[in-house]
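Written below as structure tokens is the structure these notes are about.
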Amino acid sequence: MPMQLILTQDVHHVGDAGELVTVKNGYGRNFLLPQGLALSATKHNVKKLQHDKAMIAQRVAKQRSESESLAKRINGMKLQFERLIGEGDKMFGSVTARDLASQLEVAKIIVDARKIELTEAVKAVGKYEAQVKLTGGVIATLNFFVVAKEE
């Protein structure tokens, strides 16, 4: 049975902040409401929505501008990882999104590793790119290199 909710933040494939949307009962009850991404569409909340739309739009614009400035910092970065290399230029292990997130944290940029998408598996020496999905639909491109570690 579908339920009506008011989104408090942009949700990918569902809607934008401040919209009245209809979603499946389980998705709304188990994900959107506990995460604080939506409110129940009661008469009181619908009236309040009309009042809060301007504030929601202002908050979303602020988050988007913060994400855009963070994206500029990430786009300008070049990270380097040193890994042990075996025969045939095969790397022991790989470079993962978690490795990238920890390197960004060293640079005072906090990004959840689940928001980092690698375009390919990183298992050899070379230059790679990763997409970092930030709030507000902003996507940054992170360039990094994998080099052979000297023993």
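Considering only residues of the stretch 1-37 that are among the aliphatic types (A, V, I, L, M) and out of contact with any strand residue (DSSP E or B) (no Cβ under 7 Å at 6 or more places or on another chain), which is nearest to Ala61 (Cα to Cα)? The residue in question is Val11. Within the stretch 24-49, being of a type in the set (A, V, I, L, M, F, W, C) and either modelled with pLDDT under 90 or closer than 11 Å to Met3 by Cα (or both) holds for Leu39, Ala41, Val46, Leu49. Taking first residues from the stretch 1-29 that are surrounded by 14 or more Cβ atoms within 10 Å (Cβ to Cβ) and partners that are basic (Lys, Arg) and at pLDDT 90 or above, the Cβ contacts under 8 Å between residues at least 6 apart in sequence or on separate chains come to Met3/Lys24; Met3/Arg29. Here Ala61 meets the list (1) of a type in the set (A, V, I, L, M); (2) at pLDDT 85 or above; (3) surrounded by fewer than 11 Cβ atoms within 10 Å (Cβ to Cβ); (4) in the same structural domain as Gln9 (by TED's automatic domain parsing) almost entirely, failing just condition (3).
Listed here are the residues, each with its yes/no results for (1) at pLDDT below 85; (2) among the hydrophobic types (A, V, I, L, M, F, W, C); (3) assigned to a loop (DSSP other than H, G, I, E, B); (4) under 13 Å from the mean Cα position of the chain (by Cα).
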site	(1), (2), (3), (4)
Asp99	no, no, no, no
Gln103	no, no, no, no
Ile109	no, yes, yes, yes
Tyr128	no, no, no, no
Gly136	yes, no, no, yes
Asn143	no, no, no, no
Glu150	yes, no, yes, no
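On the basis of being charged (D, E, K, R) and touching a helix residue (DSSP H, G or I) at 6+ places or on another chain (Cβ under 9 Å), does Asp112 make the cut? Judged against the criteria, Asp112 is a match. Ala54 satisfies every condition listed in (1) assigned to a helix (DSSP H, G or I); (2) under 22 Å from Gly137 (Cα atoms); (3) under 22 Å from the mean Cα position of the chain (by Cα) except (3). Set side by side, the residues Ala41, Ala71, Ala101 differ, and just one is closer than 18 Å to Gly137 by Cα and of a type in the set (A, V, I, L, M, F, W, C), which is Ala71.
Cβ separations smaller than 6 Å between residues 6+ apart or across chains give the following pairs from the stretch 110-136 residues that are within 15 Å of Lys90 (Cα to Cα) to residues that are among the small types (Gly, Ala, Ser) and modelled with pLDDT under 90: Val122/Ser94; Lys123/Ser94; Val125/Ala148.
The values are calculated or read from the model by the stated rules, or taken from the named source; none is laboratory data. A quick note: this is a predicted structure, and the numbers were derived from the prediction, not measured. Every residue, glycine as well, gets a Cβ built from its backbone with ideal geometry; the counts of neighbours run over all protein chains shown.
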